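Notes follow the structure.
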Ligand code: NAD
């Protein structure tokens, strides 16, 4: 099939590469010339496990191309995926300007049947807006070209995006005409060979499904985080509580970890957008308002622990930070707890030496040449003379550190662990003061 993907961010580039991988002829469009230059030169603008190899393989096979030329992009695919950003507007609702501009670009140029598939996360009713935007452009051109609008929200996780796209748990397709449903079934058949995972529904339900999924996951995290704070007050251990409840199949093990708050480009903005949507129809979701408040508070928990140990004035202190990305296996720092922690430490006069396996270039882009933030080449070298080790992202390589070595390097033997990476006995046996989240 001939497919165009509009937007080569995490979702667009992964979708484009994976669709090419199964034999489709894919053209990826982005208006960001720098991204397309990197892709044309054989690189990728983001870090995502397995993606570079897949992109290279499919470019070499002639199935994957990149362009900044909208005319070429619209002419190419019968299926036109829209995978552009939907950042929060000033009031927290999703800003649809990129989605609608992509739709208009299609309407302005299409000359034959197109299926316009929205993969971006968009509020309920966007399908109608996309359809209307295209209709307006066609009307302005005085022509009538057939097209279908489909909602196909994406559920991939950054850090495992290729794997998730190639082996999806489910594929949600919101579509209201047979021709589009038929094409989407054919498109996704290679990704669900052992059993059917494609759920066809109306567009509005598909749009809401994506928000419902992210809001539910964010709710679990905030619930566990609040329970962790309660555990600390009550002298209980959240890790034991987690095991006690996770074994109930109605609750399950996934997404049940207390930590220093969720971040990333999706949960915070999607929770906010659903709050706005629900308020807008006078059906407020009180649960989600609490989820958001709890998460904002949680991003400060590590700094509160630092202040409790070292005092409010941190002038002259330097903290080693392990992890900058909002989660492991990605270089994404959008809404990452590390950003709040670094800013709060700066405010109190401290400096930071950070280590992250892949996100340090992103931190450099965000913090520029702020001298208060330095970077270490290795996790252990960040500790040299630091006042404490603060763990913010649960990268695998931090799981089994040399605790004696940590103690020897730190000025004061303190580990503040925002991801409950270790059994407290291990660092404590090495003479370290250890504080996790919700652990006594
Ligand atoms: P991103 O910001 O990484 O990428 C979006 C890209 O679209 C950018 O490269 C931008 O230059 C490009 N763009 C914007 N307008 C354009 C236009 N008119 N024509 C061509 N290109 C254009 O975003 P992302 O993280 O890939 O997210 C995209 C959408 O998918 C969002 O709605 C997001 O909520 C959703 N989503 C993201 C994830 C994730 O893990 N990142 C997962 C599921 C869903």
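The values are calculated or read from the model by the stated rules, or taken from the named source; none is laboratory data. These numbers were taken from a predicted model, which means no experiment stands behind them. Glycine also receives a Cβ, built like all others from the backbone with ideal geometry; neighbour counts cover every protein chain displayed.
Taken over the range 66-82, the residue count meeting the criterion of being within 15 Å of the ligand (Cβ to nearest atom) and either at pLDDT below 95 or in contact with a strand residue (DSSP E or B) (Cβ under 6 Å, 6 or more places away or on another chain) (or both) is 8. Only one entry of 303, 291 meets the criterion of being under 25 Å from the mean Cα position of the chain (by Cα), surrounded by 22 or more Cβ atoms within 10 Å (Cβ to Cβ) and not assigned by TED's automatic domain parsing to the domain that holds residue 402, and that entry is 291.
Could you check the range 23-44 and list, in sequence order, the residues that are within 9 Å of residue 66 (Cβ to Cβ), surrounded by fewer than 24 Cβ atoms within 10 Å (Cβ to Cβ) and near the ligand (Cβ under 6 Å from one of its atoms)? Once the filter is applied, which keeps residues that are within 9 Å of residue 66 (Cβ to Cβ), surrounded by fewer than 24 Cβ atoms within 10 Å (Cβ to Cβ) and near the ligand (Cβ under 6 Å from one of its atoms), the range 23-44 yields 30, 35.
Remark: residue 324 matches the filter, which requires a residue to be assigned to a loop (DSSP other than H, G, I, E, B) and in contact with a helix residue (DSSP H, G or I) (Cβ under 6 Å, 6 or more places away or on another chain). Within the range 1-27, the set of residues being in a loop (DSSP other than H, G, I, E, B) and under 23 Å from residue 264 (Cα atoms) comprises 7, 8, 9.
Quick grid of which residues meet (1) more than 21 Å from residue 127 (Cα to Cα); (2) at pLDDT 95 or above; (3) touching a helix residue (DSSP H, G or I) at 6+ places or on another chain (Cβ under 8 Å); (4) surrounded by 16 or more Cβ atoms within 10 Å (Cβ to Cβ):
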| position | (1), (2), (3), (4) |
| --- | --- |
| 21 | yes, yes, yes, yes |
| 64 | yes, yes, yes, yes |
| 84 | no, yes, yes, yes |
| 89 | no, no, no, no |
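Only one entry in 365, 339 is in contact with a helix residue (DSSP H, G or I) (Cβ under 9 Å, 6 or more places away or on another chain) and closer than 28 Å to residue 297 by Cβ, namely 339.
Being outside the structural domain of residue 236 (by TED's automatic domain parsing), surrounded by 13 or more Cβ atoms within 10 Å (Cβ to Cβ) and over 18 Å from residue 264 (Cα atoms) holds for only one residue in 336, 376, and it is 376. Scanning the range 154-175 for residues that are more than 9 Å from the ligand (Cβ to nearest atom) and either within 14 Å of residue 119 (Cα to Cα) or assigned to a loop (DSSP other than H, G, I, E, B) (or both) yields 160, 165, 167, 168, 169, 170, 171, 172, 173, 174, 175. One residue alone among 101, 120 is surrounded by fewer than 17 Cβ atoms within 10 Å (Cβ to Cβ), under 27 Å from residue 39 (Cβ atoms) and within 11 Å of the ligand (Cβ to nearest atom), and that residue is 101.
Residues being not assigned by TED's automatic domain parsing to the domain that holds residue 126 and not in a helix (DSSP H, G or I) are entirely absent from the range 213-234. For the range 248-263, the criterion of being crowded, with 22+ Cβ neighbours inside 10 Å and within 16 Å of the ligand (Cβ to nearest atom) is satisfied by at least one residue. Restricting attention to the range 28-80, the residues being under 18 Å from residue 1 (Cβ atoms) and in a loop (DSSP other than H, G, I, E, B) number 5.
Filtering the range 81-119 to residues that are closer than 17 Å to residue 1 by Cβ and not in a strand (DSSP E or B) leaves 83, 106, 110, 112, 113, 119.
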